[in-house]
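The values are calculated or read from the model by the stated rules, or taken from the named source; none is laboratory data. Keep in mind that what you see is a predicted model, and the values were worked out from it rather than measured. When we count neighbours, we look across all protein chains shown, and the Cβ atoms used for this are built from the backbone with ideal geometry, even at glycine.
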Amino acid sequence: MRTHFLPYAAPSIGEDEIAEVADSLRNGWITTGPKVKKFEAAFAEYTGAQHAVAVNSWTGGYHMVLRALGIGPGDEVIVPTLTFCSTANMVVHLGAKPVLVDVDANFMAPPAAIERAITGRTKAIVPVHYGGQSCDMDAILAMAARHKIPVIEDAAHAAGAAYRGRMIGVHGKATIFSFYATKNMTTGEGGMITTSDKEFAQRLRMLALHGMSRDAWARYTAAGSWCYEVLEPGYKYNMTDIQAALGIHQLRKLNSFIGRRRAIAWRFDEAFADLPEIRTPRQLPRRTHTYHIYAIHLDRARLAIDRAQFIEMMAMRGIGTSVHFIPLHRHPYYSEAYGYNASQFPTADRLFEGLASLPCYPKMTEQDVEDVIAAVREVVIANRRTGKSAVA
Ligand SMILES: Cc1ncc(COP(=O)(O)O)c(C=O)c1O
């Protein structure tokens with residue numbers, strides 16, 4: 001039995017990050033400044049993207065990307081139902097309709113399902129690289145090009161992922177990453193948009209700061225000027241130097257973080273291989289998976305317990321778990337506003353019933369990993385469907 005609870009996720013913050021944040025606090029430049037520029041340049045270099053725009057969250061970045069594409073009332077944006085609410089909420093904020101599509105057994109929307117959802121009003125397609133594994137980008141990009149619809153990638157889980165040898169961040173019109181506290185690399189809250197379109201990137205930078213023609217660095221430094229003009233009403237989605245201070249060091253460590261996540265994931269794969277009651281995530285060909293999420297699927301037909309009981313029994317053994325995600329069509333807002341229901345999304349709905357994400361992050365010790373394995377095996381084996389009732 002564990003002596004302390006293993007949280008579902010925890011960041012790996014080292015002395016480098018702490019010293020860099022302290023440096024920002026001491027030098028007095030705490031909002032958007034030189035560290036944001038440095039972080040953007042490093043991220044662009046890492047992904048191979050031509051432009052990287054740092055923002056205060058994935059959500060803010062996505063909101064601006066949709067707005068910069070001119071999406072508004074009467075328009076439609078295609079998103080998978082198995083995603084975080086933000087992927088659809090921002091579409092609603094702009095007065096457009098999120099058109100939900102079902103996913104396949106690998107948790108992502110297949111290109112054919114996306115194509116079937118296209119109408120004359122479709123203004124963007126948003127594939128979600130679930131868990132940090134790329135969608136089928138060749139097929140999605142080819143299909144989107146045929147319909148002349150831009151692809152915006154939800155890479156909230158996918159910093160450091162690759163598709164056919166090219167990093168996520170260089171494929172679609174724009175790619176948005178999240179640096180939320182639980183992500184592969186973190187700035188507490190934060191995000192990054194990458195694009196190969198220079199004008200698009202400039203527009204995003206401006207939108208991130210109220211649509212003003214000059215940022216703080218260009219106004220408050222010795223070489224700066226007090227004068228600015230508002231070119232369009234924008235938002236306040238800029239990243240601060242304090243966040244970038246974290247990001248610069250997290251990015252340097254990203255490959256080693258992913259290496260550790262992958263090693264844990266592979267250990268889980270091996271440890272659960274003899275349990276027909278659970279399906280482990282599939283590593284698809286031609287992808288570099290970040291294993292931001294290690295989601296197992298419990299086969300309800302073979303188990304005497306449901307997912308909620310599984311999570312409870314894991315917690316009783318000191319292990320935190322999570323669920324990614326409650327499909328959007330199951331949320332009251334989406335079912336009431338758009339009439340979405342389970343029958344339209346049979347795969348996501350069935351998957352959801354058995355989904356559970358296990359802890360999988362660099363800070364876990366070997367003992368933590370073995371404790372997760374032992375707890376899963378114990379709960380599953382004790383609750384094999386034999387006609388008997390659940391064993392806590
Ligand atoms: C798939 C997906 N998209 C978007 C987001 C939103 O990211 P952020 O919290 O940085 O706005 C998340 C966050 O967890 C997510 O999982």
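For a quick check of your reading of the model, give me the residue pairs whose first member lies in region 179-206 and is farther than 25 Å from HIS249 by Cβ and outside any loop (DSSP other than H, G, I, E, B), whose second is hydroxyl-bearing (Ser, Thr, Tyr) and more than 10 Å from the ligand (Cβ to nearest atom), with beta-carbon atoms closer than 8 Å and at least 6 apart or on different chains.
If the second residue must be hydroxyl-bearing (Ser, Thr, Tyr) and more than 10 Å from the ligand (Cβ to nearest atom), the pairs left are MET206/SER213.
Could you tell me which numbered condition ALA201 fails, if it satisfies all but one of (1) within 13 Å of the ligand (Cβ to nearest atom); (2) surrounded by 15 or more Cβ atoms within 10 Å (Cβ to Cβ)?
ALA201 satisfies all of (1) within 13 Å of the ligand (Cβ to nearest atom); (2) surrounded by 15 or more Cβ atoms within 10 Å (Cβ to Cβ) except (1).
Of the residues that make up region 314-337, is at least one part of a loop (DSSP other than H, G, I, E, B), touching a strand residue (DSSP E or B) at 6+ places or on another chain (Cβ under 9 Å) and at positive phi?
yes
For residues that are within 25 Å of SER178 (Cβ to Cβ) and part of a loop (DSSP other than H, G, I, E, B), tally how many sit in region 215-232.
Qualifying residue count, region 215-232: 1.
For region 128-137, state whether one or more residues are of a type in the set (A, V, I, L, M, F, W, C), in contact with an Asp or Glu (Cβ under 9 Å, 6 or more places away or on another chain), at pLDDT 95 or above and near the ligand (Cβ under 10 Å from one of its atoms).
yes
In region 70-78, is there at least one residue being surrounded by 24 or more Cβ atoms within 10 Å (Cβ to Cβ), in contact (Cβ under 8 Å) with a residue 12 or more places away in the chain and over 26 Å from HIS210 (Cβ atoms)?
yes
Can you find, within region 121-154, the residue that is nearest to PHE200 (Cα to Cα) among those that are of a type in the set (Ser, Thr, Tyr) and touching a strand residue (DSSP E or B) at 6+ places or on another chain (Cβ under 6 Å)?
The residue in question is THR122.
Give the residues of region 206-250 that are touching a Ser or Thr at 6+ places or on another chain (Cβ under 8 Å) and over 23 Å from TYR46 (Cα atoms), sorted by residue number.
MET206, LEU209, ARG214, ASP215, ALA216, TRP217, ALA218, ARG219, TYR228, GLU229, VAL230, LEU231
Restricting the first residue to region 36-53 and requiring it to be more than 20 Å from TRP217 (Cα to Cα) and without any contact (Cβ under 8 Å) to a residue 24 or more places away in the chain, which pairs with a second residue that is in a helix (DSSP H, G or I) and among the polar types (S, T, N, Q) meet a Cβ separation below 6 Å and a spacing of at least six or different chains?
none
Which residue pairs have Cβ atoms closer than 7 Å, lie 6 or more positions apart in sequence or on different chains, and pair a first residue in region 1-30 that is under 30 Å from MET316 (Cα atoms) with a second residue that is aromatic (Phe, Trp, Tyr) and assigned to a loop (DSSP other than H, G, I, E, B)?
ALA9/TYR361; ALA10/TYR361
Name the single residue, out of those in region 72-83 being within 15 Å of the ligand (Cβ to nearest atom) and assigned to a loop (DSSP other than H, G, I, E, B), that is nearest to SER196 (Cα to Cα).
THR83
If only one of ALA144, ALA88, ALA112 is assigned to a helix (DSSP H, G or I), crowded, with 20+ Cβ neighbours inside 10 Å and over 21 Å from the mean Cα position of the chain (by Cα), which one is it?
Working: ALA88 fails: over 21 Å from the mean Cα position of the chain (by Cα); ALA112 fails: crowded, with 20+ Cβ neighbours inside 10 Å.
Step by step, each of ALA144, ALA88, ALA112 is checked, and only ALA144 is assigned to a helix (DSSP H, G or I), crowded, with 20+ Cβ neighbours inside 10 Å and over 21 Å from the mean Cα position of the chain (by Cα).
Tell me whether region 302-310 contains one or more residues that are assigned to a helix (DSSP H, G or I) and under 19 Å from the mean Cα position of the chain (by Cα).
Within region 302-310, the subset assigned to a helix (DSSP H, G or I) is 307-310.
Now restrict to residues that are under 19 Å from the mean Cα position of the chain (by Cα): none.
Among the residues of region 302-310, not one is assigned to a helix (DSSP H, G or I) and under 19 Å from the mean Cα position of the chain (by Cα), which makes the answer no.
Tell me the residue from ALA295, ALA348, ALA265 that is of a type in the set (Gly, Ala, Ser), surrounded by 20 or more Cβ atoms within 10 Å (Cβ to Cβ) and in contact with a Phe, Trp or Tyr (Cβ under 6 Å, 6 or more places away or on another chain), please. Break it down stepwise before answering.
On the way: ALA295 fails: in contact with a Phe, Trp or Tyr (Cβ under 6 Å, 6 or more places away or on another chain); ALA348 fails: in contact with a Phe, Trp or Tyr (Cβ under 6 Å, 6 or more places away or on another chain).
The unique qualifying residue is ALA265.
Being of a type in the set (Asp, Glu) and in contact (Cβ under 8 Å) with a residue 40 or more places away in the chain narrows it down to one of GLU366, GLU378, GLU370, so name that one. I'd like the intermediate steps shown before the answer.
On the way: GLU366 fails: in contact (Cβ under 8 Å) with a residue 40 or more places away in the chain; GLU370 fails: in contact (Cβ under 8 Å) with a residue 40 or more places away in the chain.
Exactly one residue qualifies, and that residue is GLU378.
I want to confirm something. Restricting to region 165-198 and keeping residues that are among the β-branched types (Val, Ile, Thr) and surrounded by fewer than 21 Cβ atoms within 10 Å (Cβ to Cβ), which single residue is nearest to ALA41 (Cα to Cα)?
The qualifying residue nearest to ALA41 (Cα to Cα) is VAL170.
Return the only residue of ALA382, ALA375, ALA337, ALA315 being surrounded by fewer than 17 Cβ atoms within 10 Å (Cβ to Cβ) and within 15 Å of ARG2 (Cβ to Cβ).
Among ALA382, ALA375, ALA337, ALA315, only ALA315 is surrounded by fewer than 17 Cβ atoms within 10 Å (Cβ to Cβ) and within 15 Å of ARG2 (Cβ to Cβ).
Look at ALA88 and say whether it is among the small types (Gly, Ala, Ser), away from the ligand (no atom under 16 Å from the Cβ) and at pLDDT 95 or above.
no
Condition first: more than 16 Å from the ligand (Cβ to nearest atom) and in a loop (DSSP other than H, G, I, E, B). Now tell me which residues in region 41-71 satisfy that.
GLY48, ALA49, GLN50, LEU69, GLY70, ILE71
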